[in-house]
Structure formats: C-alpha cells, structure tokens
1. For segment 27-50, check the following and say yes or no: at least one residue is out of contact with any Asp or Glu (no Cβ under 9 Å at 6 or more places or on another chain), of a type in the set (Asp, Glu), within 25 Å of ALA108 (Cα to Cα) and not in a helix (DSSP H, G or I).
2. Can you spot a residue in segment 51-71 that is open to solvent by 50 Å² or more (accessible area, probe 1.4 Å), small (Gly, Ala, Ser), more than 17 Å from PRO131 (Cα to Cα) and not in a helix (DSSP H, G or I)?
3. Taking SER112 as the residue in question, decide whether it is closer than 26 Å to LEU175 by Cβ, small (Gly, Ala, Ser) and either open to solvent by less than 20 Å² (accessible area, probe 1.4 Å) or assigned to a helix (DSSP H, G or I) (or both).
4. How about segment 12-32: which of its residues are within 30 Å of SER95 (Cβ to Cβ) and open to solvent by less than 50 Å² (accessible area, probe 1.4 Å)?
5. In the list ASN123, ASN154, which residue meets the criterion of being without any contact (Cβ under 8 Å) to a residue 60 or more places away in the chain and within 22 Å of the chain's Cα centre (by Cα)?
6. Quick check on my filter: what residues within segment 157-169 are free of Cβ contacts under 8 Å to residues at least 60 places away in the same chain and open to solvent by less than 50 Å² (accessible area, probe 1.4 Å)?
7. Mind checking which pairs have a first residue in segment 85-106 that is more than 16 Å from LEU62 (Cβ to Cβ) and a second that is loosely packed, with under 15 Cβ neighbours inside 10 Å and among the charged types (D, E, K, R), Cβ under 8 Å, 6 or more apart or different chains?
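The values are calculated or read from the model by the stated rules, or taken from the named source; none is laboratory data. Predicted, not measured: the structure shown is a model, and the values here were computed from it. A quick note on method: Cβ atoms are made from the backbone with ideal geometry, for glycine too, and the neighbour counts reach across all protein chains shown. Calculation scope for accessible area: heavy atoms of the full protein, side chains included, ligands and nucleic acids excluded. Shrake-Rupley method; radii C 1.70, N 1.55, O 1.52, S 1.80 Å.
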Amino acid sequence: MAEKVKKSLHPAIACALMVIMLCCALLNGAHKAWTKEQNALEQYRAAVLESVQARVETANNLLTVAGRYTGASDPLYAAVQSDLRSMENGKTTFSVVSVQQFHDDAQALLQSLAQRQADGRDNMYVTQMLPQAVDMCLSSDSAVAYNEAAASYNERMHSFSGLLARWTGVSYAALFNDGVQSATN
C-alpha cells in the first residue's frame, strides 16, 4: 500500500514543480519586458533633464549679468532666482516651474536690464544672447513627449503582465510636472 502512495505522489510533485516553474517563468518574462520599457522611458527622461539643465544655465547666466546692476531685493531678480531654485530641485523631484513662467520672469528681468546703462558686453548679453536663450527654452517639448510616453506606459501597467511586473518590483513611471508655481508668485 505504501508503494502505491509513493507512486501516486510522483506525478503530483512533478505537476506542482511544473506550475512553480511556469509561474517563475511568467514573472521573469514580465519583469524583463517591463524593465526594457522602463529603460526606453529613461531616454525621454534624460531629454527632459537636459531641457531643464538648459534653463538652469540660462537662468544662471541671466542672474550673473543682472547681479551687476541689481540685487536679490529686486522682485524681478528674485523671481528668476526662485525659478532657478525650482529648476535645480526639479532634477530630483521631477517637478519644476513652468517653461512659460520662467520665460515671462526672465523677459521681465531682461526688459528691466535693457533700460539700465550697461557696458557693451553686458548690453550684447541683455539685448541679443540672453533673449535668444530664453526664447529657445520655450521650444522644448521634451516634457510633453515624456509625459505622453509615461502615461501610456502607466496605462499598460494595468495589464496582466504589468501586474506580474509590479509583483517583481517594477513601478509606475513618474510624470514630469512642468508647471509648479514659483515661490514669489
């Protein structure tokens, strides 16, 4: 009788092992596929961070020139400085002051500087180079492209393979918030 019980357990053990291996294979495959998609999203994220870095550099240049003629007590200078802090923090929080707000604050400071008597080099910065750099910041649509890709990714995460991937530690993509209000507004 013991021999019959022993023989009947082998198929059950083999079946259980096959189910476990199948589950492991499904989890592993889902993890690999979704990790690959996350890596593709990283390219979009890198483009967003490059766009933010370009704004940071433009703001730094503007504040350097403006610092020669005005100080942090000037509300226009303070607005751009606040925008700069938001953009610098955005590299880690993925949330920055809007491109439009930075553009408006920078243009207001540039107009104020253009009315002041400046040396030749600073005048060239204020009237030609910095306005062009500020306007170029408006043309970046990398945040929109990233958010569209991330939203699509997050929507697909509601599938069965997305559920399996979440069980293995794959997470939803964070959306980029390009519209935080500046502390001065």
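1. Looking through segment 27-50, none of the residues is out of contact with any Asp or Glu (no Cβ under 9 Å at 6 or more places or on another chain), of a type in the set (Asp, Glu), within 25 Å of ALA108 (Cα to Cα) and not in a helix (DSSP H, G or I).
2. Just the residues of segment 51-71 that are open to solvent by 50 Å² or more (accessible area, probe 1.4 Å), to begin with: 53, 57, 60-61, 64, 68-69.
Adding the requirement that they be small (Gly, Ala, Ser) leaves none.
Checked segment 51-71: no residue is open to solvent by 50 Å² or more (accessible area, probe 1.4 Å), small (Gly, Ala, Ser), more than 17 Å from PRO131 (Cα to Cα) and not in a helix (DSSP H, G or I).
3. On the way: closer than 26 Å to LEU175 by Cβ: no; small (Gly, Ala, Ser): yes; either open to solvent by less than 20 Å² (accessible area, probe 1.4 Å) or assigned to a helix (DSSP H, G or I) (or both): yes.
No.
4. ALA30
5. Numbers: ASN123 fails: within 22 Å of the chain's Cα centre (by Cα).
After ruling out the rest, the residue left standing is ASN154.
6. Selection gives SER159 alone.
7. Correct list of pairs: empty, since none qualify.
This table checks each residue for (1) in a strand (DSSP E or B); (2) surrounded by fewer than 17 Cβ atoms within 10 Å (Cβ to Cβ).
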residue: THR127; (1), (2): no, yes
residue: GLN132; (1), (2): no, yes
residue: TYR146; (1), (2): no, no
residue: TYR153; (1), (2): no, no
residue: SER171; (1), (2): no, yes
residue: GLY179; (1), (2): yes, yes
